[in-house]
Amino acid sequence: MTQSSSLLSSHAPRGRRFTVDLLRKLAPQERSDLYACGLKALEATQSLLKQGKTVISEIIGNATYVEWEHYPPRDAKSRTGALFYYHAHAASQRMPSEHGHFHVFAPNDRADCPYDQRYTHIAGLSVDAQGMPLRVFTTNQWVTAECWENAERVCTLARQAAFKDARPHNVSKWLDAVLAFFRPQIDLVTHMRDARAKALMDRGRIHLLKDRRTHILSQCRIDFSTQIVALEELGADAP
Amino acid sequence: MAKARIKLSHALPALALAAAVVAPMPQALSSLSATGVAHASSNPCAPSNPCAPSKKMDKKMEKKSSNPCAPSKSSNPCAPSK
């Protein structure tokens, strides 16, 4: 992302220590539930790998992979109205090792949202060329043209959103599991987003949400291994 | 009898191995479309929001929506030919 330092997004610290501290704040039962989500996420990933596929090959299929194009072309929609798509920005705007990212949206019927913006961005999920999760991030309002909600509301919408009946099914199943497994990091970046937006607005950028200098407001590195080891260190195990 | 516990960390080496065997997907090709160029340039008058979901819009809606700075489709010098 080509931004001056004052415009950089808010980064969560990375590494096992930080992850352990983040997950320690959860109740033991929540950690066990998260561990069970981890099992589903690994199973969904393994299931694709056993067929020689990845979540990316599954969603792109035989199409030519081109910057900014949406995969699938008209986005993947569930019956609940939740939707997602995968794409890549220009190479200069991609994080190191990022192949592309999913944008995940929840439906939002708030009456004052414009008719064509009845959705809220839950998170972006970057993956590497093997489809392994790399980071979660939030975007500025203009980037997704979404119905903007505060962090608490976004977290609530995120918990209600399910993609399991969206196509391709293998991808929606994988996405449901992965998003659930990294829910603490998604909640974190969502709250960091609001803190970052407030800080910038307090510094005079009152039209921040429409300010095209700012694309990403917060982000957090993630990976299966760190999350699993941190949960095990905290005593979580599968039922 | 003690309940067998599943340790997910034990599955990680196999996962890494399986992922390593699968060929990495090629990187995205550079977009030559006007929309892609506008998105990439962070142009304040770019025709749309780069990460908004796809919308099914009729032509009337299409004219009304999008960025107010965008020139009309017919006069946009960068619009792809139809």
Practice item. Could you please let me know if A:R153 is of a type in the set (K, R), touching a strand residue (DSSP E or B) at 6+ places or on another chain (Cβ under 9 Å) and part of a helix (DSSP H, G or I)? Key: yes
Check your understanding: Failed condition for A:V104, given (1) under 30 Å from A:G235 (Cα atoms); (2) at pLDDT 95 or above, with all others met?
Key -> (1)
Point to revise | Those residues of the stretch A:89-145 which are over 15 Å from the mean Cα position of the chain (by Cα) and among the hydrophobic types (A, V, I, L, M, F, W, C), in sequence order | key: A:A90, A:A91, A:A111, A:C113, A:A129, A:W142, A:A145
Check your understanding: Pick from the stretch A:187-239 the residues that are under 18 Å from B:I6 (Cβ atoms) and of a type in the set (D, E): which of them is modelled with the lowest pLDDT?
Key -> A:D237
Review point. Scanning for something away from every other protein chain (no Cβ under 14 Å), of a type in the set (S, T, N, Q) and open to solvent by 20 Å² or more (accessible area, probe 1.4 Å), does the stretch A:134-151 turn up at least one residue?
Key: yes
Review point. So which pairs qualify, if the first residue must be in the stretch A:47-68 and closer than 15 Å to A:P168 by Cα, the second must be in a helix (DSSP H, G or I) and among the charged types (D, E, K, R), the Cβ gap must be under 7 Å, and the two must be at least 6 apart or on different chains?
Key: A:L48/A:E58
Revision key, fill the gap. Residue hits (the stretch A:116-133; of a type in the set (D, E, K, R) and at the interface with chain B (Cβ under 10 Å from one of its Cβ atoms)) are A:D116, A:D128
Revision key, fill the gap. Over the stretch A:95-133, the set of residues assigned to a strand (DSSP E or B) and surrounded by fewer than 20 Cβ atoms within 10 Å (Cβ to Cβ) is A:P107
Exercise for review: Filter the stretch A:158-175 down to residues that are under 16 Å from A:A123 (Cα atoms) and of a type in the set (S, T, N, Q) and give me whichever is surrounded by the most Cβ atoms within 10 Å (Cβ to Cβ).
Suggested key: A:S172
Review point. How do the pairs read when you match residues in the stretch A:90-112 that are polar (S, T, N, Q) with residues anywhere that are part of a strand (DSSP E or B), using Cβ under 6 Å and keeping only pairs 6 or more apart or on different chains?
Key: A:N108/A:Y119; A:N108/A:T120
Exercise for review: Report whether or not A:G61 is open to solvent by 30 Å² or more (accessible area, probe 1.4 Å), farther than 22 Å from A:F137 by Cβ and in contact with a Pro (Cβ under 6 Å, 6 or more places away or on another chain).
Suggested key: no
Review point. Can you name every residue in the stretch A:57-83 that is among the hydroxyl-bearing types (S, T, Y) and at the interface with chain B (Cβ under 7 Å from one of its Cβ atoms)?
Key: A:S57, A:T64, A:Y65
Review point. Within 13 Å of another protein chain (Cβ to nearest Cβ) and touching a helix residue (DSSP H, G or I) at 6+ places or on another chain (Cβ under 7 Å) - does that describe any residue in the stretch A:10-17?
Key: yes
Point to revise | Pairs, first facing chain B (nearest Cβ under 7 Å) in the stretch A:212-239, second of a type in the set (S, T, Y), C-beta under 6 Å, six or more apart | key: A:R212/B:S42; A:I228/B:S9; A:V229/B:S9; A:E232/B:S9; A:A238/A:Y35
Check your understanding: Quick one: A:L39 ticks every box in (1) in contact (Cβ under 8 Å) with a residue 60 or more places away in the chain; (2) surrounded by 20 or more Cβ atoms within 10 Å (Cβ to Cβ); (3) within 9 Å of chain B (Cβ to nearest Cβ) bar one, so which box is it?
Key -> (2)
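The values are calculated or read from the model by the stated rules, or taken from the named source; none is laboratory data. Treat the numbers as computed from the prediction; the structure is a model and nothing was measured. Glycine also receives a Cβ, built like all others from the backbone with ideal geometry; neighbour counts cover every protein chain displayed. To get the accessible areas, we keep the full protein, side chains included, count just its heavy atoms, and leave off ligands, DNA and RNA. Shrake-Rupley method; radii C 1.70, N 1.55, O 1.52, S 1.80 Å.
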